[in-house]
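Written below as structure tokens is the structure these notes are about.
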Amino acid sequence: AAGITLDGNGWAVIDDMLTMAQVSDPHREFDPIPVDLRRVVNDVCDECHAAATAGGITCESVLPDEPVLVPGEPEELHRLLTNLVSNAIKYTDPGGQVTVRVTTQGTSVVATVEDTGIGISPPDQEQLFREFFRSTNPAALSRPGTGLGLAIVARIVARHGGSVDIDSERGRGTTATLTLPAHVEGVSAGPAPAS
């Protein structure tokens, strides 16, 4: 029987669809542990370093000296930040910069991924987190993508009780702001019981 031949993007679509199914499964247990977001950012930046270098982009992180703990699933938080950082790199032209910052603000932890990339038009921003959405900008469409990266981000953020906001302007770059509840010692971070 003739096999199906998949290019790199084909495999990426399958991988993203599997991830989407996992993080969307209402019966999948969410068992958060305290995770130092600085370590996740460092791992993600290390992994994205080659892509940034190949694209002529500077990628740097600005992190506090002390641990920044959030209740979460390490693999999901890793995927969430990988999607945001790799997007920033993908849509930034050579000579540009991607900066990842982590700060604590009261009872929240805020991570921002800022790039000097091609930016996103207001109509596109409204649809960003929709599954399989691809930009109407030809400069963005020329770069491979599955249209699921930010939909996965939205699902993982929701599972972690957080929020994500995109602030962008065509030609000026994009800042993704991720807000998560901070870990509180002695407080169980399980999902709220259904009312």
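Values in this text are rule-based calculations from the coordinates and carry no lab data. All values derive from a computational prediction rather than experimental measurement. When we count neighbours, we look across all protein chains shown, and the Cβ atoms used for this are built from the backbone with ideal geometry, even at glycine.
Between A158 and R130, the distance separating the two model label sites (each 7 Å from Cα on the Cα→Cβ line) works out to 1.6 nm.
With r as the distance between the Cβ atoms of T177 and H49 and R0 = 30 Å, compute the FRET efficiency 1/(1 + (r/R0)^6) and round to 0.05. It would help to have the intermediate numbers written out before the result.
On the way: r = 23 Å, r/R0 = 0.76.
For R0 = 30 Å, the calculated efficiency reads 0.85.
Close amide H partners of E73, meaning residues 5 or more places away or on another chain with modelled amide H under 5 Å apart, are I33. Each residue of the stretch 163-174 was assigned a 3J(HN,Hα) from its phi angle through the Karplus expression (A = 6.51, B = -1.76, C = 1.60, θ = phi - 60°), giving 9, 9, 10, 10, 10, 8, 8, 4, x, 10, x, 9 Hz with x at Gly and Pro.
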